[in-house]
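A quick write-up on the structure given underneath.
Coordinate-derived values only; no laboratory data. Remember, predicted model here, so these are calculated numbers, not experimental data. Positions of Cβ are backbone-derived with ideal geometry, glycine not excepted, and every protein chain shown enters the neighbour counts.
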Amino acid sequence: MSDGEPGERPSVATLRRTVERGRAGLFGDAGGLVVFLTAVVVLWGLWRVDFLLNDSATVGNVLVNVADGHLAVTESPYALTAGEQPGLVAVDGQFYGRNYGQIYLAVPFLWSLDAVAGLVDLRLLLAAGWSLALLALARAVARLRDRPVLADAGAVIAVGAFAASALVATDMGWLQRPRPLVALGLSTMLLAATGATALYRLLSWIHGRRVGMAGGLGLVLATPVGFWGSFPKRHVLSATVLVLVVALFAASRTGTDRRAVLARAGAYAVVGLFASVHAFEAVFTFAVLVPLDVLTAPTNDRRTLAVVLVVFAVSLVPMLVTNTAISGNPMKPPRKLVGVDGGLSLDPAEAPIGDAGAGSAGGESSGTGGGTDGGPTPGDGSGQSGDGIPFVWVLAPLAPVVDRFFWILEIMFRSIESGLAAATELDRLYHVMVRSGWVPDVRYHLTAYETLELSFLEAFPLSGALLALPSLLVAGVSRRAGSLRDHLRSGLADPVRQTDLFAASLGLTLFVVYLPELPLFAMITQRYVVLVMPLVLYGVCRLAPVRAALTDHGRLVGGAYAGTLLVGGLALGVTFATLDLARGEAVQLHALLGLGAGVVVALAAVGWPLHRRDRAVAVGLALAAGTTTLFVVASGLVVFTDGNHALDLVRVVAGLLPTVG
Amino acid sequence: MLDGADSSVVAAALILLALVVLGPSWATPTALGDGTAEVDVLAPTWLDSGEGPTDHVLRDDPGRFGTDASYLRSPPLVVDVSNVSGSPELYYDLDVPALDLDTGPVERRLSGPGRYRLELADVAVPPADYRYRDVEAPDSGVYTGIVTVRVQSFSGQTVVANRTVGVRIAR
């Protein structure tokens, strides 16, 4: 950390130190800053200021109202009727939305945009923001590589891009009220970039900067997080939350100093705040965090636990206040209230949530088709379950809370139970994990019969490398002396292994509870489970062959990745231009490419204990990462767009490309 | 010669200055206004001809890359536009009332004279055995479609072409 330039006045030196310290706190080091800014520049470039799925109309409307100072939806600029706003709920004649925590995050952005609206043009502001991010990125890379000329080049490109944008700027004619959606896009992008930075810090702590960079950049460029990076949906937020919780968990395993205790409390605080966005996901995160944290913490002394408890309690305030204000019950989130267009959400075992016919409170549907979904949040069907329990009388004022507690336990039990049952169905697993195509029983009429559902592997081929885990474990155990039990015992004393265990448990749990909902229409990248994808990427980066490829053959990985983008991009352009693809066909073309790349990287990694060819793994990784990048970029420029880009320059460039649909 | 840090600062200052100087209403409005234009249809050629209603049959092609749906692909509309006044838009649609198909419409602002090309979205038709509650795949056969091309603005609309075509669902 710099102590200021010689000859600087003390106040300037102090300011400089504060900035440096703030930067270190947020980004870790120069590498973290590069990861963060790269994520922002890429996502901003592909940003479409629009609704991809129609429940975003609900989120947009709620933001407008919350920014005006009330939770109830009284003004509805993005939809004329309640029926167009899946997810809207009614309480005593008032309408409310959901995901309030996500909306609170966007409010400062909306206020800022409103504040400067009379001063600057919104379209130019977006162009300027991107140019400034590019400037900062060029400067950060110049520092990291010690090549000042890169900063100069970045400055020229940034000014040029802004000038060109000003020449072709048009207003956002497709939106009557663009600023709330812009605010939601901004907050979502910054969340995605935060997740990427957190993964960078976690992995660089374990394996050094190179692996950290690959993981952090990979989060945005090589997983579907990049696809969802600017849409006003919760998936990116959830994904970032899980990475943050795992990274804070890891940081808190290393000692008992103030930093470690704060990191531990921070993990709980993130979960507590998360509950104001999606209580169902937060509850499972909490349920996995508590036992593993307590079992593996360096200390469980009273003082530490007190700090953790207090911080966690405070972090729950946004959820408790929001729920109380809306339903009168601090433990009853909006998702569990009566939907405006009909009855309660039902048990997934009886009728799939989000069934258009069921009229669930949790709905959303594809902008390309229609229909609804709401997440597997089993409902209120059982009514009041605590009436017969004596101590509820003793705790009469807390009765609703206690009642809710048992209700939550019941939901958790049922979700795990149906998730495990679903995990034994091979047909389901095949379509969700391996190959999509035309999947039987998916309600394609809700998406205009377009096959927009990539499987997990098709959307995220890098995840195929994780198939190497069993063979690597077998090879690792057989190589070392001692019993299996000794390995487990010594392994679990290691903070990194503890973090592995936590990440794996968290990822598996959230995957399993969503599995009964899948396959489902309008998922595009199995979006319900996008939140576990960064954890899968963490797992991939932890594998010995992947580490070896990244550390010893970084240049090969970079070169092969660039080659994949170049050759793949040209080939895709020619294909789109000559085959006149419909949107569903374009998505399925990507599916096959993703599947192929996933198989290649899986084979390279699985066979590694035998062949030991790091270079093969390196090429496989680059191919898989590049395939997802191509999907994310093609989606932004051609497949999932209609001239609705945030940047005029990108709109103009995209207009020159062959169309799909 | 500026060093890396300085060039970034200068560039940032330039951008922010330009942002403020250009003001709050710089971007070109895209809203539809009043106006008219003359349109000469180049393709599809049958739009201009006086042939019978089922002569020009659009048929569905099997979907590729594992999409079991088939696709109804409408021909692109290519027109020459002249005598543009104000800011009108060109409207192109294919409607098949019996099938509840949604191909568009597409609307394009006419910013000046020249050649314009409008493409309707490909429409997916489900496989014959698709069924969900009361939703069923359409029977094979030839259905009547209506193609509409017009120039429209707030001051009125001029129909360029409006005729029926045959749309074949093949199984």
### Summary
Taking alpha-carbon centroids only, the range A:620-661 lies from the range A:553-614 a number of Å equal to 16
### Task
Starting from the exponent 0.38 and prefactor 2.2 Å, build the expected Rg for the range B:85-144 from its residue count and divide its actual Cα Rg by it.
1.59
### Query
Can you list the trypsin sites (Lys or Arg not before Pro) in the range A:532-636 that are in a DSSP coil and have 16 or fewer other beta carbons within 10 angstrom?
A:Arg612, A:Arg613
### Summary
In a Gaussian network model of chain B with springs linking alpha carbons closer than 10 Å, the residue among B:Val20, B:Val160, B:Val79 that fluctuates most is B:Val20
## Note on the structure
Net charge near A:Thr256 (other residues with Cβ under 12 Å of its Cβ; Lys, Arg +1; Asp, Glu -1) is +3
### Query
Given a cut-off of under 8 Å on Cα pairs at least six residues apart, what relative contact order in percent is computed for the range A:556-637?
53
### Query
Once the piece of chain linking A:Val401 and A:Ala30 is laid out straight, how much longer is it, given 0.36 nm per residue of separation minus the C-alpha distance between them?
128.9 nm
### Sequence-separation-based contact order of chain A, relative, with Cα cut under 8 Å and 6+ spacing, percent
17
### Taking the convex hull of Cα positions in the range A:126-176, its mean projected area over all directions (nm²)
3.8
### Task
Would you please name the trypsin sites (Lys or Arg not before Pro) within the range B:61-136 that are DSSP coil residues with at most 12 other C-beta atoms within 10 Å of their C-beta?
B:Arg133
### Message
Suppose we take every Cα in the range A:256-328 and form the convex hull; what volume per residue is that in Å³?
### Response
80
### Message
Taking beta carbons within 10 Å but only from partner chains, what does the mean come to for residues B:64-77?
### Response
6
#### Entry: Two-site label geometry, A:Arg303 and A:Arg177: point separation in nm, points 7 Å out along Cα→Cβ
5.1
## Note on the structure
The convex hull of the Cα atoms of chain B, divided by residue count, gives a volume in Å³ per residue of 241
### Query
Which values of log₁₀ I(q)/I(0), to two decimal places, follow from the Debye formula for the range A:539-594 at q = 0.24, 0.26 Å⁻¹ with a uniform point scatterer at every Cα?
-0.91, -0.98
### Task
Round to the nearest 0.05 the FRET efficiency obtained for A:Thr170 and A:Leu488 when R0 = 56 Å and r is the Cβ-Cβ distance.
0.35
### Message
Across the range A:427-470, what fraction of all alpha-carbon pairs, as a whole percent, falls in each successive 10 Å bin from zero upward?
### Response
27, 47, 19, 7, 0
### Message
I need the per residue convex hull volume for the range A:448-565, using only the alpha carbons, in cubic angstrom as a whole number.
### Response
132
### Query
Expressed as a whole number of Å, what is the distance separating the alpha-carbon centroids of the range A:109-128 and the range B:146-161?
37
### Query
Going by the alpha-carbon gyration tensor, a ≥ b ≥ c the square roots of its eigenvalues, is the range A:12-138 rounded (a/c under 1.5) or, if a/c is not under 1.5, prolate (a/b greater than b/c) versus oblate?
prolate
### Task
Would you list the P(r) distribution for the protein assembly as shown, with all Cα-Cα distances sorted into 20 Å bins from 0 and each bin expressed as a whole %?
14, 47, 33, 6, 0
### At most 11 other Cβ within 10 Å, DSSP loop - trypsin sites (Lys or Arg not before Pro), the range A:425-480
A:Arg480
